[in-house]
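K.L.:
Below: one structure in structure tokens.
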Amino acid sequence: MADSAFMQRVLQRGLKHDRVLVVSGLLVVVILSWTYLLTGAGMMQAMGDMLMPMSMGPWTLGHAVLVFVMWAVMMAAMMLPSAAPMILLYCTIARNQAARGESVTASGGFMLGYVAVWATFSLVAAMLQYGLEQSALISPMMETTSTVLAGAVLITAGLYQWTPLKQFCLRHCRSPIEFLTTHWRTGVRGAFMMGFRHGAYCVGCCWLLMLLLFVGGVMNFTWIGGIALFVLIEKLAPAGHWIGRGVGVLLMAWGAATLYSIA
């Protein structure tokens, strides 16, 4: 009995240690991401003796890489906070099933898989930004100059909040225990694949919300923070799925009003 109690205390200390490491890692990544954005490091570039919005630069290979990095860092800053409960729960379960120390490595693999999916989305977003710039549909602040496009995006994003696909993906994001029990894989590679799969559900849940950045402005930090906060509430609040549907109605009304203003 004494040995059993001792082992339990050791396990609890190990879990606490691992959770501290994982939480610290998440905080560092999120803080660095937001710092990168708020300082303008990912959104401004030197043109002569002046700092200009990145969207005003020519699309060289270097510029394209910077735009991709900007989107990837922005997605990490916006999405990792809402993924933290899933990552921490994974760390706890992995620590119970693996040798000491492995859970931290596996949790890193899980987070890396999650980020990899959003990095893929960031590549698509950068390509979309290029297309919009070439079509003269976004301003130097990276917000759409087309009222029709803005209204269409708002309505589409609102409608999507009510679709079965949105609710299916959101359900996986809101139910970490169900996701982990259904898709559990062992080892660091398995953790990466689980993180990748969870990230795919997350992208399926939020991709149209991210495209709203082209409506409010990719360089508008109030808009960025507002979307990130809504995603956090939708995933973690007890009535998050109904809040999401309510916001969907508001988005559709906003989009309709936007289109009506040009009628």
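The values are calculated or read from the model by the stated rules, or taken from the named source; none is laboratory data. Keep in mind it's a predicted model, so treat the numbers as computed, not measured. Here the Cβ is made from the backbone with ideal geometry for all residues, glycine too, and neighbour counts use every protein chain on show. What goes into the accessible areas is simple: the full protein's heavy atoms, side chains included, and nothing from ligands, DNA or RNA. Shrake-Rupley method; radii C 1.70, N 1.55, O 1.52, S 1.80 Å.
K.L.:
Residue under question is GLY151, and the condition is that it be buried (at least 19 other Cβ atoms within 10 Å of the Cβ), in a helix (DSSP H, G or I) and not basic (Lys, Arg); does it hold?
P.N.:
Yes; evaluated as a whole, the condition is true for this residue.
K.L.:
Quick check: is even one residue across the stretch 133-142 under 23 Å from GLU234 (Cα atoms) and among the polar types (S, T, N, Q)?
P.N.:
No, the conditions are met nowhere in the stretch 133-142.
K.L.:
Which of the numbered conditions does VAL117 fail, given that it passes all the others? Conditions: (1) among the aliphatic types (A, V, I, L, M); (2) closer than 29 Å to ALA257 by Cβ; (3) surrounded by 21 or more Cβ atoms within 10 Å (Cβ to Cβ).
P.N.:
Among (1) among the aliphatic types (A, V, I, L, M); (2) closer than 29 Å to ALA257 by Cβ; (3) surrounded by 21 or more Cβ atoms within 10 Å (Cβ to Cβ), the lone unmet condition for VAL117 is (2).
K.L.:
Has the stretch 69-82 got any residue that is at pLDDT below 85 and in contact with a Phe, Trp or Tyr (Cβ under 7 Å, 6 or more places away or on another chain)?
P.N.:
No, that holds for no residue.
K.L.:
Now for a separate question. Answer yes if at least one residue in the stretch 75-91 is hydroxyl-bearing (Ser, Thr, Tyr), surrounded by 16 or more Cβ atoms within 10 Å (Cβ to Cβ), touching a residue at least 60 places away in the same chain (Cβ under 8 Å) and touching a Ser or Thr at 6+ places or on another chain (Cβ under 8 Å), and no otherwise.
P.N.:
The answer is yes; a qualifying residue exists.
K.L.:
Can you tell me which residue within the stretch 121-137, out of those that are buried (at least 16 other Cβ atoms within 10 Å of the Cβ) and of a type in the set (S, T, N, Q), is modelled with the lowest pLDDT?
P.N.:
Filtering first and then ranking leaves GLN129.
K.L.:
Additional query: Please state which of the following conditions ALA256 fails to meet, knowing it meets all the rest: (1) surrounded by fewer than 17 Cβ atoms within 10 Å (Cβ to Cβ); (2) within 18 Å of LEU80 (Cα to Cα); (3) small (Gly, Ala, Ser); (4) touching a helix residue (DSSP H, G or I) at 6+ places or on another chain (Cβ under 7 Å).
P.N.:
If we test ALA256 against (1) surrounded by fewer than 17 Cβ atoms within 10 Å (Cβ to Cβ); (2) within 18 Å of LEU80 (Cα to Cα); (3) small (Gly, Ala, Ser); (4) touching a helix residue (DSSP H, G or I) at 6+ places or on another chain (Cβ under 7 Å), just (2) comes out false.
K.L.:
Here's a follow-up. What is the one condition in (1) touching a strand residue (DSSP E or B) at 6+ places or on another chain (Cβ under 6 Å); (2) more than 18 Å from ALA64 (Cα to Cα) that LEU112 does not satisfy?
P.N.:
(1) is the only condition that LEU112 fails.
K.L.:
Further question: Quick one: how many residues across the stretch 236-251 are of a type in the set (A, V, I, L, M, F, W, C) and assigned to a loop (DSSP other than H, G, I, E, B)?
P.N.:
2
K.L.:
Right, something else. Go through (1) over 30 Å from HIS172 (Cα atoms); (2) modelled with pLDDT under 85 for THR92 and report which single condition fails.
P.N.:
Failed condition: (1).
K.L.:
Here's a follow-up. Pick from TRP254, TRP184, TRP223: which is closer than 18 Å to ALA77 by Cβ and aromatic (Phe, Trp, Tyr)?
P.N.:
Just a single option satisfies the conditions, and that option is TRP223.
K.L.:
Where residues in the stretch 138-148 are of a type in the set (A, V, I, L, M) and at pLDDT below 90, which of them is least open to solvent (accessible area, probe 1.4 Å)?
P.N.:
MET142
K.L.:
Report every pair of residues separated by at least 6 positions or lying on different chains whose Cβ atoms are under 8 Å apart, first residue within the stretch 241-263 and closer than 29 Å to CYS173 by Cβ, second loosely packed, with under 13 Cβ neighbours inside 10 Å.
P.N.:
That search, which allows pairs on different chains as well, returns THR258/THR147.
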